[in-house]
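Quick note: the coordinates plus some simple rules give every number you see, no bench work behind them. All of these numbers come straight from a predicted model, not from anything done at the bench. When we count neighbours, we look across all protein chains shown, and the Cβ atoms used for this are built from the backbone with ideal geometry, even at glycine.
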Amino acid sequence: MRALWPATPSLPGLLCRAAAALLPRASRGRYLAEWRADLSAEPEGATGYAWSVLVHAVELRRIIVGTDPDAVPLRCRLHLHAYLAVHDNPENRRYVSHHCRRCGHVKDDGRADSRPQDGLAWGASMGVH
């Protein structure tokens, strides 16, 4: 952590370090080193550049996390999946599994759909209005 916060930081340096803190931990050092090199190469426009880096850090984080094939959306990590009922057994259409449309998680409890298959609407057959 000491590499992110030296003893006498400048405003552009602080802005770049704040931007680096918004990135995933594995990517912080790489981008901070790149931004420091850019700051030292162009000292006149350093403050404007650093503000630009900070403003775009959230978008950069989305890009970095989006390229990670193992990234799971936050709602799915909190077990708030967006399930769709899928009838994936052509021999028994009453068998249903639920697939999350965000992360692909499959909830398959091995039970058949409890709704009747006699052509009546589910609410009307169950007495629900």
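At a temperature of 25 °C and a viscosity of 0.890 mPa s, determine how fast the range 72-113 diffuses translationally according to Stokes-Einstein, using the Kirkwood radius over alpha-carbon pairs as Rh; express D in µm²/s, rounded to the nearest whole number. It would help to have the intermediate numbers written out before the result.
Values: Rh = 10.8 Å.
Once the numbers are plugged in, D ends up at 227 µm²/s.
Using the per-residue mean of other Cβ atoms lying within 10 Å as a proxy for protection, in what order, highest first, do the peptides 46-54, 24-32, 95-103 fall?
Values: 46-54: 17.3, 24-32: 13.8, 95-103: 15.4.
Put in order of decreasing packing, that is 46-54, 95-103, 24-32.
Please report the equivalent ellipsoid semi-axes of the range 32-75, computed as sqrt(5 x eigenvalue) of the Cα gyration tensor, largest first, in whole Å. Show your work: numbers first, answer last.
Values: eigenvalues 164, 25, 6 Å².
The three semi-axes for the range 32-75 are 29, 11, 5 Å.
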